[in-house]
Amino acid sequence: MAEIRVMREDLRPPASPPKRHFISIKDVTRDDVERLLATARTLERSMEREVKKLPTLKGRLVINVFYESSTRTSSSFELAAKRLSADTMSIKSSGSSVDKGESLKDTAITLGAYDPDVIVIRHPQIGAPNLVARVTEAHVVNAGDGKHQHPTQALLDLYTMREELGRLEGLHVAIVGDVLHSRVARSLIQALLLMGAHVTLVGPPALLPRGVEAMGCEASTEISVIAGADVVYVLRMQRERMQEGANYVPSLREYAARWGVTPERLRPGQKVMHPGPMNRGVEIDARVADHADALIETQVRAGLVTRMAVLYDLLTSGPIEVKTESVLEVA
Amino acid sequence: MLVAKDNPRENTVVRGARVVDPVADVDAVLDVRVDDGVIGALGQNLDTNSHRVIDAEGLLLAPAFVDPHVHLRTPGREDEETIASGTAAAAAGGYCAILAMPNTDPVVDSAATLGSLIEAARAEAEIPVGFLAAITKGQSGAELTEMGELAAAGAVGFSDDGVPVAAPGLMRRALQYGAVTGRRLALHCEERTLSRDGQMHEGEVSAELGFTGYPSVAESLMVERDLALAAYERQPLHLLHLSAWESVQALRRARADGVQATAEVTPHHLCLTDEAIRSLDPNLKMNPPLRSVSDRTALIEALEDGTITAIATDHAPHARHEKEVPFEAAPFGVTGLETAFAALYTHLVEPGLVPLKIVLERMSAGPARAYGLDEPRIAVGSAANLVLLDLNASYRITEETFRSRSVNSWLLGDTVKGKVRATIAAGRLAYGS
């Protein structure tokens with residue numbers, strides 16, 4: 001008969017280290033960002049070759065779960081995974097089927113049963129990626145959670161600015177528009193400040209969150225202050241914010257007249273960025289969008305290589321230190 | 001009218017505890033003898049009269065607690081709490097009486113519903129429980145309930161807790177008519193056009209996290225309105241779960257002007273600020289929300305100076321699956337009956353923010369006074385309402401420790417100090433052995 005032995009504490013296998021995730025810019029250090037940007041640049045060079053596929057993540061599984069509509073984020077994550085030779089699976093779910101059917105927790109557990117290496121998730125509610133990280137073993141990448149964070153967007157924007165202007169330290173960026181409802185703005189503010197840039201928010205009073213200056217930026221309702229910036233980052237003015245009873249601004253027409261980014265409000269040589277999709281004639285004048293100083297298409301290209309860099313960084317055991325505290329706290 | 005099941009009355013001697021009754025100004029090591037549920041003697045080396053003896057050396061004996069704000073979820077959500085489980089949780093928390101809010105399904109807005117609850121409580125309540133009835137039918141804010149009949153049927157007060165009485169005209173009528181019932185109106189102060197979709201306190205943390213803000217002024221504006229109506233009608237009122245500095249200021253002014261207003265504050269608003277929401281833990285989501293450091297400081301000051309006279313848990317049980325969702329999808333509310341004293345002792349008394357005697361008074365006599373209930377008292381001839389506390393016990397809050405049917409506690413996983421060892425409620429041993 002086999003002898004039953006209690007394994008001694010010191011003979012047990014070491015606990016596996018906590019999984020690293022990319023959920024919030026708050027999870028990363030300046031060194032992490034530098035490393036990710038450098039990796040993205042290396043990957044961009046590799047994309048100049050005729051055969052663009054790299055074998056790096058062969059045999060790995062990346063699941064994209066999108067609870068919100070998305071063109072550029074979902075396509076670039078999918079392509080990023082494919083370019084690195086990972087297997088990919090994309091799951092889309094409309095908001096209503098979520099409310100009626102399976103809970104996010106159960107969906108995450110179901111997907112986790114396939115042992116994915118990475119789950120990329122976009123969800124309309126803040127904290128959804130943290131919940132997925134709690135109930136699965138996968139590395140979780142936040143592709144946008146409600147109004148909270150969109151960290152890979154911030155990373156691709158940093159990459160675009162650094163490539164175009166040669167620096168981030170000391171750069172002055174004006175972020176214009178609906179900051180209140182913008183996860184893009186929140187993660188970009190944190191990312192820019194992390195890298196030593198200077199940030200000014202510009203928009204209608206009701207769309208600048210009360211207390212936002214505590215993040216370390218300035219806020220103004222006066223559009224003329226964008227003239228002082230190196231980069232004017234234009235946020236999408238979401239039409240759903242104009243619903244009856246919301247009254248953030250009286251009308252899109254009035255918004256465009258007061259805060260629309262037009263050639264007259266820009267200095268020559270100022271760079272203009274927009275996360276897309278654009279509302280031409282509302283937050284951005286068509287002449288600005290199509291001008292050579294607009295980096296909007298560059299941003300899309302940067303999205304591919306920075307998302308490749310994020311997947312690569314999470315799945316290879318380089319000198320990578322992405323802090324996971326915020327996730328562990330809620331676990 | 002408070003009711004409980006008819007457990008046998010205690011014949012007990014609690015020996016050697018430090019006996020503290022802040023109202024009677026008692027603080028001494030004494031024996032306390034309970035004869036047939038009534039305090040029969042206080043003194044040194046009391047005759048045990050062959051009573052049960054509880055050796056309480058090193059422990060603290062205080063008047064048991066009164067919770068003026070509990071959600072028992074019955075009728076309608078018995079999966080979350082029942083009268084039996086909620087009162088058992090209360091007993092474990094050191095309470096000798098609790099008041100249940102009427103925002104159930106159906107709402108307690110008729111004598112029939114109220115009567116069935118009182119009947120159920122007689123059969124299953126571990127400690128005395130009182131029921132509030134709604135101010136408006138279905139809590140819809142349109143039409144007054146039959147407050148006279150409800151008071152006669154045993155309602156201890158009236159509240160539309162969970163929702164405000166939105167229309168000032170109706171609120172005025174409620175104050176006028178409420179006066180003839182002799183029962184207190186307890187008001188949930190929230191201007192919903194300001195708090196709409198709000199998930200947490202509007203401020204620096206919400207700006208950073210992206211949650212829709214629920215500004216302080218959404219509460220204080222309604223507090224000011226209700227105090228103005230109370231002043232005009234010269235009627236008393238009770239303000240539920242205050243959270244904001246501005247509300248405290250308004251209350252302090254009104255009381256100085258002679259308005260008969262009482263107010264309560266929860267342990268979580270006294271112990272935490274909106275900074276805690278950074279963890280995105282749905283067990284930190286409640287209405288009103290956790291507010292800023294200056295709000296918390298104002299609440300602590302108001303508790304000490306007597307502007308706020310009652311601590312209320314706003315014990316709000318929720319099913320596990322309803323809280324295991326992203327923060328924004330989770331319902332408002334946290335449990336508190338079993339952790340209130342430990343939370344306050346750990347976060348307020350130990351760090352020296354509030355004296356122990358203030359906490360004991362605001363958890364016991366203060367809330368009883370607000371509703372005109374008998375104040376628990378450690379005095380010969382008083383009914384035995386006693387809590388035995390171990391101030392040195394340090395322990396971890398886990399799901400297993402809860403008697404409540406729900407585990408949505410903001411203290412889950414925390415190590416706290418201060419443990420309830422036994423509770424005697426209305427002369428009966430309700431918790432401990």
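The values are calculated or read from the model by the stated rules, or taken from the named source; none is laboratory data. These numbers were taken from a predicted model, which means no experiment stands behind them. Please note: Cβ atoms are built from the backbone with ideal geometry, for glycine as well, and neighbour counts cover all protein chains shown.
Among all residues of the range A:107-119, there is at least one that is in a strand (DSSP E or B) and not small (Gly, Ala, Ser). When restricted to residues that are closer than 20 Å to B:Val359 by Cβ and in contact (Cβ under 8 Å) with a residue 60 or more places away in the chain, the range B:264-290 contains 8.
Identify the residue in the range A:19-57 that is hydroxyl-bearing (Ser, Thr, Tyr) and assigned to a loop (DSSP other than H, G, I, E, B) and, among all such residues, is surrounded by the most Cβ atoms within 10 Å (Cβ to Cβ). Here the residue is A:Ser24. Can you confirm whether the range B:42-57 contains a residue that is within 23 Å of the chain's Cα centre (by Cα) and under 24 Å from B:Glu361 (Cβ atoms)? So far as the range B:42-57 goes, no, none of its residues is within 23 Å of the chain's Cα centre (by Cα) and under 24 Å from B:Glu361 (Cβ atoms). If the condition is being under 24 Å from the mean Cα position of the chain (by Cα) and of a type outside the set (Gly, Ala, Ser), then the range B:192-222 contributes B:Arg192, B:Gln199, B:Met200, B:His201, B:Tyr214, B:Pro215, B:Val217, B:Glu219, B:Leu221, B:Met222. Of the residues in the range B:217-240, at least one is in a helix (DSSP H, G or I) and within 14 Å of chain A (Cβ to nearest Cβ).
Candidates are the residues of the range B:331-344 that are out of contact with any Phe, Trp or Tyr (no Cβ under 9 Å at 6 or more places or on another chain) and crowded, with 20+ Cβ neighbours inside 10 Å; the one that is farthest from B:Gly427 (Cα to Cα) is B:Gly333. Within the range A:166-196, the set of residues being surrounded by 23 or more Cβ atoms within 10 Å (Cβ to Cβ), free of Cβ contacts under 8 Å to residues at least 40 places away in the same chain and away from chain B (no Cβ under 13 Å) comprises just one member, A:Leu192.
Residue-level check: of (1) touching a residue at least 12 places away in the same chain (Cβ under 8 Å); (2) more than 14 Å from every other protein chain (Cβ to nearest Cβ); (3) of a type outside the set (A, V, I, L, M), B:Gly306 misses just (1). Taking the numbered list (1) outside any helix (DSSP H, G or I); (2) at pLDDT 95 or above; (3) among the hydrophobic types (A, V, I, L, M, F, W, C) in turn, A:Ile91 passes all entries but (2).
Just one of the listed residues (B:Arg377, B:Arg403) is charged (D, E, K, R), under 20 Å from B:Thr87 (Cβ atoms) and assigned to a loop (DSSP other than H, G, I, E, B), namely B:Arg403.
Only a single item in (1) in a loop (DSSP other than H, G, I, E, B); (2) of a type in the set (A, V, I, L, M, F, W, C); (3) surrounded by 13 or more Cβ atoms within 10 Å (Cβ to Cβ) is not met by A:Val272, and it is number (1). Can you find a residue in the range B:190-202 that is farther than 30 Å from A:His150 by Cβ, acidic (Asp, Glu) and not in a helix (DSSP H, G or I)? Yes, because at least one residue in the range B:190-202 is farther than 30 Å from A:His150 by Cβ, acidic (Asp, Glu) and not in a helix (DSSP H, G or I). Residues of the range B:406-433 that are out of contact with any His (no Cβ under 8 Å at 6 or more places or on another chain), outside any strand (DSSP E or B) and not small (Gly, Ala, Ser): B:Val407, B:Leu411, B:Leu412, B:Asp414. What about A:Glu163, is it more than 14 Å from chain B (Cβ to nearest Cβ), within 30 Å of A:Gly196 (Cβ to Cβ) and among the charged types (D, E, K, R)? Answer is yes for this residue. Within 14 Å of chain B (Cβ to nearest Cβ) and surrounded by fewer than 18 Cβ atoms within 10 Å (Cβ to Cβ), is that true of A:Pro205? When the stated conditions are applied, A:Pro205 passes them.
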